Amino acid sequence: MLVVNFKEFFTISSYEVIEHLNRQENGKHIDEYEVLLYNESVSQTENVKIKFKKTNDEIEVEKVQTLSYFNKQRPKQPCAICGSEVMVKENSTEELNVYVHNCSLNYEEIECCLRELVQNELLQDRFTQEEFDRNYGVNYRDDANQQYSFYDTQQRDTFYTIFNDSVYHTSYAGPQELRCKFCGMDEELLVIDGAFYQKCLVLTPHTNQIIDMIEARKQNEPDVTKRS
């Protein structure tokens with residue numbers, strides 16, 4: 001059976017947390033999630049629903065289902081992701097029929113995506129001004145053009161740049177020096193004026209929040225309007 005490249009169809013750029021429960025068990029912190037990832041590669045006709053468990057730092061995928069959506073204008077047809085015609089109707093209304101089946105998706109890629117998703121959820125809850133001020137330094141700021149560069153003060157060789165409304169891992173020494181503790185670093189590499197950039201899928205959804213935190217602390221910092 002052909003294994004489908006999960007990353008080709010799904011990222012954390014578009015998802016919904018259906019349910020999130022957490023508990024302590026035998027001294028371990030356990031988070032249970034059910035999420036829906038929206039496919040943006042084939043006209044949003046197929047999405048994937050995943051149930052998984054995070055125990056400390058381990059991800060365990062429990063159930064993966066592909067949801068296919070059909071209506072009068074788009075009658076039932078093979079899955080646009082894997083080509084399967086074997087589907088089971090889950091529910092239906094006058095306007096929409098929803099079918100479920102199992103695409104043969106790459107589970108290693110699924111786990112990598114889910115780690116990024118969990119990091120994104122943690123950032124939404126915990127990426128505060130106080131944490132940013134404590135853990136990150138700003139080494140370039142261009143307020144007029146909304147371009148910024150900041151670095152991890154705990155890992156001083158980890159740099160990020162904000163431009164085009166996105167956050168990029170950044171290196172001036174070479175692609176091997178790109179680092180990130182939030183995502184799997186799977187995006188396309190960009191080379192601009194000798195510097196290496198790679199979009200961070202976890203931090204990019206928080207671009208405006210990060211800019212606001214940089215703006216909030218600028219009166220307490222030296223002038224960093226020019227690169228050193």
Separation of alpha-carbon centers, region 180-203 and region 47-114, rounded to whole Å: 29 Å
The chain - percent of accessible surface contributed by carbon and sulfur, probe 1.4 Å: 43 percent
Full-stretch length increase - D165, Q77 - with 0.36 nm per residue and alpha-carbon distance subtracted: 27.9 nm
Estimated distance in nm for a label pair at E34 and S14, the labels positioned 7 Å out from Cα along Cα-to-Cβ: 2.3 nm
Cα-based helix-to-principal-axis angle, 107-126 vs the chain, degrees rounded to 10: 50 degrees
Estimated distance in nm for a label pair at A144 and S104, the labels positioned 7 Å out from Cα along Cα-to-Cβ: 5.8 nm
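How many percent of all Cα-Cα pairs in region 1-126 sit more than 17 Å apart?
Cα-Cα pairs in region 1-126 separated by more than 17 Å: 59 percent.
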Gaussian network model of the chain, Cα within-10 Å springs - most flexible of L123, L37, L96: L96
Options [x] 45; [y] 38; [z] 33 - which one matches percent of Cα pairs over 27 Å apart as calculated here: [x]
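How high is the FRET efficiency from L190 to E94, r the C-beta distance, R0 35 Å, rounded to 0.05?
Working from the Cβ atoms, E equals 0.15.
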Spin-label model distance (nm) - K63 vs S84, 7 Å beyond Cα toward Cβ: 1.5 nm
Rounded to the nearest 20 debye, dipole of region 74-151 from Cβ charges on Lys, Arg, Asp, Glu: 240 debye
Along the chain, longest interval not containing exposed GluC sites (Glu not before Pro), exposed being DSSP loop plus at most 13 other Cβ atoms within 10 Å: 96-187
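Using a cut-off of 10 Å between beta-carbons, work out the net charge of the residues near Y136 (Lys and Arg +1, Asp and Glu -1, Y136 not included).
On the way: positive: R134, R217; negative: E131, D133, D152.
Around Y136, the surrounding residues sum to -1.
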q = 0.14, 0.16 Å⁻¹, region 37-108: log10 I(q)/I(0) [Debye, one scatterer per Cα]: -0.47, -0.60
Interchain or long-range residues, amide H under 5 Å from Y15's placed H: Y38
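First select every other residue whose beta carbon is under 9 angstrom from the beta carbon of L201; then total the charges, Lys and Arg +1, Asp and Glu -1. Before the final figure, lay out each step's value.
Values: positive: K199; negative: E116, D186, E187.
Spelling it out: positives minus negatives among the neighbours equals -2.
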Accessible area (Å², 1.4 Å probe, nearest 10) - M213: 10 Å²
³J(HN,Hα) computed for each position of region 150-157 - Karplus, 6.51 cos²θ - 1.76 cosθ + 1.60, integer Hz, glycine/proline x: 9, 9, 7, 6, 7, 10, 5, 9
GNM result for the chain, Cα springs below 10 Å: residue of F70, F196, F159 fluctuating most strongly: F70
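Placing unit charges on C-beta atoms (Lys and Arg positive, Asp and Glu negative, everything else neutral), compute the dipole magnitude of the chain about its Cα centre in debye, rounded to 20.
Details: 24 positive and 40 negative charges, 29 e Å.
Charge dipole, the chain, about its Cα centre: 140 debye, nearest 20.
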Most mobile of T158, T55, T93 in a GNM of the chain (Cα contacts under 10 Å): T93
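The values are calculated or read from the model by the stated rules, or taken from the named source; none is laboratory data. Note that the structure is a prediction, hence the values are computed from the model and not measured. Don't worry about glycine lacking a Cβ; one is built from the backbone with ideal geometry, like all the others, and counts go over all protein chains shown. Only protein heavy atoms, including side chains, enter the accessible area calculation; ligands, DNA and RNA are left aside. Shrake-Rupley method; radii C 1.70, N 1.55, O 1.52, S 1.80 Å.
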